[in-house]
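**Student:** Structure below; questions to follow.
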Amino acid sequence: MRPFKPALQFFRIYHGAIRRFSSHRSHLDNVESMASRLQTRSVIRFRGPDTVKFLQGLLTNDVWRFDKPEGKANSTVPTPNLPSVTVPPIYAAMLTPQGRFLYDFFLYRPSKSDEKFDGSGCGPGSDGDELELLADVDGSVLDELLATLKKYRLRSKVDIESAAGEFSCWQRFGRKLSEKSSSEEEPEAASVGWGGGVDRSGMSASQGGLGWQWYNDPRLDCLGFRGIFPSNAIPALVEADKETDERNYLLWRLEKGVAEGSNEIPKGEAIPLEYNLAGLNAISFDKGCYVGQELIARAHHRGVIRKRLLPLKFLNDSGEELVQKVAPRSEVIVAASGKKAGTVNTALGCRGMGLLRLEEAFKGPGTLTIQGQEDVKVEAIRPEWWPAEWFLEYQQHSAVA
């Protein structure tokens with residue numbers, strides 16, 4: 001792997017720049033694009049005739065679309081190694097029977113041979129592949145997750161194995177990418193084969209005949225592009241001076257209020273709707289039964305979520321940003337009363353995310369502080385991507401109506 005010199009430079013810029021920003025709009029918005037190899041993520045392979053049926057009964061999202069995908073044409077250019085039809089990835093979660101979060105999944109369906117142009121670029125190859133899905137998962141719980149999946153497998157005809165040595169997970173993000181609504185606006189992101197009209201830098205990522213490619217992040221457009229690529233190659237469109245440390249991607253997510261993995265979404269404790277998984281396209285309310293569905297459906301149809309995960313900024317009494325002053329699991333309290341408003345679950349630099357009561361979160365500057373660190377003020381930020389109905393005033397109005 002290339003050294004992360006750009007990342008070190010970026011963090012020097014970061015620590016200098018945070019003192020110059022008075023609004024919640026971050027300096028990261030001025031960075032056009034970056035790419036990170038996600039060392040905290042790993043890959044699991046599912047293969048077999050019961051793959052979709054097995055996952056459909058476990059995960060919160062509708063996995064049937066992988067079985068009979070209604071994909072769209074990926075390119076008008078006959079390109080060897082590039083799928084003629086692309087199937088977008090799915091973001092989903094696995095829950096306890098009580099409806100608490102366990103693990104998150106980014107599911108990808110590698111294209112079958114009959115969906116790709118053959119070596120001459122003049123038509124699809126021959127069929128004969130069995131269904132295979134790859135899952136981008138939290139690497140810190142990989143062994144535990146494999147054991148849990150195999151426990152649920154019973155007699156299902158599905159093979160489950162780690163593919164951590166074969167594949168790596170990558171994310172491309174930044175202002176330039178967040179302004180784009182689809183890969184149609186950046187066609188290179190959907191092109192990693194070779195041939196006329198396709199970015200030839202993708203050749204290195206397309207070795208092996210599988211046509212690996214970038215996809216819009218299935219959660220939010222503002223998060224950029226995500227993909228699984230062979231570990232022995234740098235993906236297409238990742239320039240040497242744009243590869244950066246994964247912590248910069250964490251900062252990008254902190255500012256959007258998007259948690260990822262079992263460390264940021266407490267395993268066995270977190271209620272998925274409070275961590276905004278419905279707004280991140282991780283939950284289907286139209287699919288059939290899955291483990292933990294009853295509590296999710298009940299909370300959703302009740303319509304009132306009193307606590308939510310929010311982006312946080314840590315400030316001093318003068319409104320200046322404080323760096324590395326707050327640790328995860330710190331309690332956020334109301335300064336005037338000492339009443340607990342929530343808990344910080346992730347922190348990096350002057351930024352963080354926390355699960356806060358909405359009735360306390362937006363009462364104005366200086367109202368929240370850290371328990372035992374009263375000199376640290378906490379500013380809760382309303383993410384731009386939130387739907388209006390999530391705000392408490394809309395919930396209260398709906399409840400009265």
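The values are calculated or read from the model by the stated rules, or taken from the named source; none is laboratory data. The structure displayed is predicted, hence computed values, not measured ones. Using ideal geometry, Cβ is built from the backbone for each residue, glycine included, and neighbour counts are taken over all protein chains shown. Please note that ligands, DNA and RNA were not included when accessible areas were found on the heavy atoms of the full protein model with its side chains. Shrake-Rupley method; radii C 1.70, N 1.55, O 1.52, S 1.80 Å.
**Student:** Can you flag which of 256/325; 307/377; 313/377; 157/267 are past 18 Å Cα-Cα?
**Tutor:** 256/325; 307/377; 157/267
**Student:** Give the accessible surface of segment 291-401 per residue, rounded to a whole number of Å², with probe radius 1.4 Å and ligands, DNA and RNA excluded.
**Tutor:** On a per-residue basis, 51 Å².
**Student:** Roughly speaking, what is the stretch gain from residue 281 to residue 166, that is 0.36 nm per residue apart minus the C-alpha to C-alpha distance, in nm to one decimal?
**Tutor:** Value of the extension gain: 38.6 nm.
**Student:** How are the alpha carbon pair distances in segment 207-276 distributed across 5 Å bins from zero to the largest one, expressed in percent?
**Tutor:** With a bin width of 5 Å, the distribution comes to 3, 12, 19, 22, 18, 13, 8, 5, 1.
**Student:** Okay, next question. If you roll a 1.4 angstrom probe over the protein chains with everything in place, what fraction of the accessible area of segment 218-326 belongs to carbon and sulfur, to the nearest %?
**Tutor:** 44
**Student:** Which loop-located trypsin sites (Lys or Arg not before Pro) does segment 212-301 contain, where loop means any DSSP state but H, G, I, E or B and the Cβ has at most 11 other Cβ atoms within 10 Å?
**Tutor:** Filter output for segment 212-301: empty list.
**Student:** Would any residue of segment 357-371 have its amide N under 19 Å from a label point 7 Å out along Cα→Cβ of residue 306? List them or say none.
**Tutor:** Of the residues in segment 357-371, 357-363 have backbone N under 19 Å from the label point off residue 306.
**Student:** Here is a further query. Any chance you could run the full-extension gain for residue 339 through residue 375? It's 0.36 nm times the residue separation minus the Cα-Cα distance, nm to one decimal.
**Tutor:** Full extension from residue 339 to residue 375 adds 11.3 nm.
**Student:** Would you grab the residues whose amide H sits under 5 Å from the one on residue 41? Only those 5+ places off in sequence or on another chain, please, with H modelled 1.01 Å from N.
**Tutor:** Amide H neighbours of residue 41: 139.
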